[in-house]
């Protein structure tokens, strides 16, 4: 199939085709899925369209990154050979951003390594709520022509407004404060932020600030849920106040192992997420906000 006459084309892998098609429709762009074959030894063979427009947009969420990154780089390199002059990446979830500093001798700063790798193959990168700690701009991690990190707080706020009556937002730790305060201050919602003490990847202690939570519809808001331990401990601490309901809303739903089961057993009624990562909890679609930001992104 030839797309050479088109101005731009959205390309995605089969596992993320649903979200990519929604983005393409919102951005009013044509779409195609990569023809992907995996050999028994786990190597991948990719087939792209026989001709491509000048601008190709790969739409790929980078959870399970060690497998996806190789296929993404193969696809980008192939697109350049076929004739794409500008290659963009929209990665609603962006991997390897947390390790931005060597805390111990010999530690590899993965953010710098993966950031350079992406910049080598993509002219532009757009992501959502990247897990950044000591840097303020995505361009500091990814030295591409453009590297933009947007937030999902607006669609998350609209979702809360439509599904929770008189919500009280709670950030489970200090890192979540920027998302909670953004939503709460713009949409006049009550909020608080808990204090977390971390003892390891799976062991944390969460302290809830004093407040009148009894009878409130509390929503725990965070950017990413991995093991879910922070959310679980925050939920346990809040249940002592007998809230009317307790829900969780996150941008990125990793929820490894039995995190969902533990949250439910703790007493969390609703677990929601944005569709940056395909997950059973997906409730907030990001296609529209990504299309809006992508249009301004390519206009520069």
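The numbers here are math on the coordinates, done by the rules we state, and not lab data. As the structure is a prediction and not an experimental result, all values here were calculated from the model. Positions of Cβ are generated from backbone atoms using ideal geometry, with glycine treated the same way; all protein chains shown enter the neighbour counts.
Brief remarks on what is shown
- Between residue 256 and residue 154, full extension at 0.36 nm per residue minus the direct alpha carbon distance yields a gain of 34.1 nm.
- Viscosity 1.567 mPa s, temperature 4 °C, Stokes-Einstein D of the chain from Kirkwood C-alpha radius, µm²/s: 64 µm²/s
- Mean separation of Cα contacts under 8 Å (6+ apart) over length of the range 153-275, as relative contact order %: 23 percent
- Antiparallel DSSP beta bridges within the range 175-300, percent to nearest 5: 25 percent
- Taking the helices alone, the chain has a mean residue ellipticity at 222 nm of -9500 deg cm²/dmol, built from -39,500 (n - 2.57) per DSSP H run of at least 4 residues and averaged over all its residues.
- With the simple spin-label model, which puts each label point 7 Å out from Cα in the Cβ direction, the residue 44 to residue 177 separation comes to 3.9 nm.
- Theoretical gain in end-to-end length, residue 80 to residue 104 [0.36 nm per residue, Cα-Cα removed]: 4.8 nm
- DSSP bridge analysis restricted to the chain gives an antiparallel fraction near 15%, rounded to the nearest 5.
- Spin-label model, residue 15 to residue 296: label points 7 Å out along the Cα-to-beta-carbon direction sit 3.2 nm apart.
- Take 242-249, 116-123 and order them by the average number of nearby Cβ atoms within 10 Å per residue, most first; the result is 242-249, 116-123.
- Averaging the sequence gap over all C-alpha pairs within less than 8 Å and six or more residues apart, then dividing by the number of residues, gives the chain a relative contact order of 13 percent.
- Kirkwood analysis of the Cα pair distances in the range 1-155 returns a hydrodynamic radius of 16.2 Å.
- Overall shape of the range 153-275 was characterised from the C-alpha gyration tensor. The equivalent ellipsoid obtained from it has semi-axes of 20, 16, 14 Å, in decreasing order.
- Across all Cα atoms of the range 46-98, the radius of gyration (one decimal) and Dmax (whole number) stand at 11.6, 38 Å.
- Fluctuation leader among 210, 50, 165 - the chain, Gaussian network, Cα springs under 10 angstrom: 210
- If you take the Cα centroid of the range 151-184 and the Cα centroid of the range 71-86, the two points sit 38 Å apart.
- Percent antiparallel among DSSP beta bridges (both partners in the range 81-210, rounded to 5): 30 percent
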